[in-house]
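Note sheet for the following structure.
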Amino acid sequence: MTTGMTATGIWQPHDAASGPVAITRLRVGGLDVTVSAGEHTAAVRALAVDRADECEADRADGREADRAAPAGVWEVEIVPARPQVVRVAWQVPCVGVTAFWVPDSGEHRSLPPFWRRPRTSSLEKGAPVGALVGADDRSLVTYAVAEVVREVRIRTGVVEETGDFGFWAEHEAGPDRPLRLRLDLSGRHFADTLAGVARWWGREYGTREVPRPARLPAYSTWYAMQQHVDAEGVERQAAAAAELGCEAVIVDDGWHSDDRGRGYAFVGEWEPSRTTFPDMATHVAKVRALGLAYLLWYALPFVGRRTTLWERVQPYTLAFKEHMDAAIVDPRHPHIRDLLAGSLAKAVTQWGADGLKIDFIDQFHVPDAPAPAAGADCESVTEGVRRLLAELGARLPEGALVELRQPYVSPALWPYATMIRASDCPLGLAHNRQRTIDLRLVAGPLAVHADMMMWHRDESPERIAVQLINTLFSVPQISVDLTALDQDRLAVLRFWLDFCRRHVDVLQHGRLRPFRPDLGYPLVSAEGDGTTVTARYGPLPVPVPATGRLLLANADASTAVVLTVPAPRTATATVVDCRGERTGARALRLRPGVHVLEVPVGGLLELT
């Protein structure tokens, strides 16, 4: 290693002007890594992660260890002599690159320019992880930072001056809180490298299994009823949902007020509307008597302008959202945390609900937050949010269900939640697929839920099935008027929700293999216990496993499904339509090569 002063020679317009910088350079797995640590040098070390540990972790997750994967996982630790911002940077040749994966990239997998504004992640928003993906979906570089509570800034992108792909990550570090970076250069499938990141984070934040109802189909009132919810209507939908195989009902916005204006002027007091929910505890008990868990929605950071709390919280706010007609309160104050945690916990401890749907945690992330008023017990808003969630968790009983939502995906939230949902994308089939798969890759122990599924009353049964297949590797949430559906559409729901229940272990615990992130995952599979479930979203060939059962769901408009067979095998092929009704069955002698079978849109092929 050498130490000295340097300049990058690369245009980075959003970098703050800096004074003297101590530079340390080192080689990590063939990469030149540069550490910048202010005026004072820092202790820097890079350690190769024992490949045996990675294989053992694969086995612990129920995966067959990839013994052929080369070594190449490293941890870089930077310990500055005093608290200061520390940066670690590296570049790789941008050769054979097909996609750049980050958890908050939305629908875009294209390569960004290096000069763009850095991304910021913290407890409230995002996660410091990414993967540069090449041919055969293999990771060229997967990186992650251990700091997932405080702010981390990360810049990534194509360096126009050289044709490389550049990376840097920085955060404030100190002697007792180093910057730790994981670099995976093993060349494994990008899903496997991201699973390794989730395990790495899990050593700090836990990998306990969530309650089983968190992984089973649910009914949500949001798209079906919007704010027009009432006890009788919820109970009617709950009865229909239970008959179809749902395990939970999530009552969204509208239960706390008679206002139907879609704003947030009346949130914050969190008392049931006397008009629509006159006896919340009795209502919750009726729904639970159907065998359903009951979750209630809360917009955690907001106090609305038309509540009795408005004047009381004014000195303790971070910002006012004009379009929402509500203020974001400041969790750095113990009495504000007590107010919020007490209000939310009441749903479980007093009304008998099974859990909470917590919305808008990301809104606590206010740029240039004001200094706290007198009485605050921490300087950082992020630390205030962490304390708020910890205090809420301490008030909830063991096994309570808590749903969070993209983009607050930090592993530091794992101890406080049981499930995490894709961000809103009504009728966005491809978006729902990509967002749920993105979540699955780094959600650790949490159950991943799809955004609620809704459709126009004239939508065909086949297209309803296609929507369900697009979220097959997550937990489906249904949000339509179930009592208005005809028998054809009910049959579709019953068949595919039953499929999700029967195969929950493979779909949610099996080894996940999403293909072609650059194309939005047109093919996804999960394998476990001798069963492979594959969903086809585009006209791509489908690999047939050499042994075991294949369940192939067809969400593409083309019905001629191309199968690629690696080795001779005999099989029985059974095909059902979107309602689960058999359309054909025959014995096959499959030779190595390509075979074509007809599978209807929204239907299922079973090869045994």
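The values are calculated or read from the model by the stated rules, or taken from the named source; none is laboratory data. Remember, predicted model here, so these are calculated numbers, not experimental data. Here the Cβ positions follow ideal geometry from the backbone for every residue, glycine too, while neighbour counts run over all protein chains shown. Side chains are part of the model used for accessible areas, which takes the heavy atoms of the whole protein and leaves out ligands, DNA and RNA. Shrake-Rupley method; radii C 1.70, N 1.55, O 1.52, S 1.80 Å.
For a protection proxy built on the mean count of beta-carbon atoms within 10 angstrom, sort 419-427, 559-567 highest first, please.
419-427, 559-567
Exactly which GluC sites (Glu not before Pro) in the range 353-424 are in a DSSP loop and have at most 13 other Cβ atoms within 10 Å? Write out the running numbers ahead of the final one.
Working: sites: Glu379, Glu383, Glu391, Glu398, Glu403; in loops: Glu379, Glu398.
Those that pass, being in a loop and sparsely packed, are Glu379, Glu398.
Exactly which GluC sites (Glu not before Pro) in the range 207-257 are in a DSSP loop and have at most 15 other Cβ atoms within 10 Å?
Glu209
Please give the net charge around Pro213, taking every other residue with its beta carbon less than 9 angstrom from that of Pro213, where Lys and Arg add +1 and Asp and Glu add -1.
Working: positive: Arg212, Arg215; negative: Glu247, Asp354.
That sum, taken over residues with Cβ under 9 Å, equals 0.
Specify which labelled value, from (i) 53.5; (ii) 36.9; (iii) 27.8, agrees with mean projected area of the Cα convex hull in nm² derived from the coordinates of the model shown.
Only one option fits the structure, namely (iii).
For the chain, compute the number of Lys pairs whose alpha carbons are separated by less than 24 Å, excluding pairs fewer than 8 positions apart on the same chain.
Working: Lys125/Lys321; Lys125/Lys357; Lys286/Lys346; Lys286/Lys357; Lys321/Lys357; Lys346/Lys357.
Taking the Cα cut-off of 24 Å, the pair count is 6.
Looking at the range 212-421 only, what percent of DSSP beta bridges run antiparallel? Nearest 5 please. Write out the running numbers ahead of the final one.
Working: 7 of 25 bridges.
The antiparallel proportion sits near 30 percent.
Please sort 370-376, 457-463 by packing, taking for each peptide the average over its residues of neighbouring beta carbons within 10 angstrom, highest first.
On the way: 370-376: 12.6, 457-463: 14.9.
Top of the packing list down: 457-463, 370-376.
Given a 1.4 angstrom probe, I'd like the percentage of the accessible area of the range 212-421 that is carbon and sulfur, rounded to a whole number.
Numbers: 3710 of 7710 Å².
Ligands and nucleic acids excluded, carbon and sulfur reach 48 percent.
Rounded, prolate or oblate: pick one for the range 212-421, where a ≥ b ≥ c are the square roots of the eigenvalues of its C-alpha gyration tensor, a/c under 1.5 means rounded, and failing that, prolate if a/b is larger than b/c, else oblate. If you can, show how the numbers build up before the last one.
Values: a/c = 2.01, a/b = 1.51, b/c = 1.33.
Taking the square roots of the gyration eigenvalues as a ≥ b ≥ c, the range 212-421 is prolate.
Could you do me a favour and compute the accessible area per residue for the chain, 1.4 Å probe, result in Å²?
Working: 23840 Å² over 608 residues.
Accessible area per residue, the chain: 39 Å².
Taking the DSSP beta bridges in the chain as the whole, what percent of them are antiparallel, to the nearest 5?
75 percent
If we sort 26-34, 94-102 on the protection proxy, mean other Cβ atoms within 10 Å, highest first, what's the order? Let's see the in-between values first.
Values: 26-34: 15.7, 94-102: 18.3.
By packing density, highest mean first, the sequence is 94-102, 26-34.
Considering only protein heavy atoms and a probe of 1.4 Å, how much of the accessible area of the range 512-607 is carbon and sulfur, as a whole percent? Before the final figure, lay out the partial values.
Working: 2150 of 4030 Å².
Answer for the range 512-607 is 53 percent, counting heavy atoms of protein chains only.
For the range 99-200, run through the trypsin sites (Lys or Arg not before Pro) and keep only the ones in DSSP coil with at most 16 other Cβ atoms within 10 Å of their Cβ.
Of the trypsin sites (Lys or Arg not before Pro), the ones in loops of the range 99-200 whose Cβ has at most 16 other Cβ atoms within 10 Å are Arg116.
Whenever you get a sec, compute what percent of the accessible area on the range 96-177 sits on carbon and sulfur atoms (1.4 Å probe).
Values: 1340 of 2850 Å².
Carbon and sulfur atoms account for 47 percent of the accessible area of the range 96-177.
Under the rule of -39500 (n - 2.57) per DSSP H run of 4 or more residues, summed and divided by the residues of the chain, what mean residue ellipticity at 222 nm is obtained, to the nearest 500 deg cm²/dmol? Mind dumping the intermediate values first?
Details: 12 runs with 133 residues, N = 608.
That calculation yields -6500 deg cm²/dmol at 222 nm.
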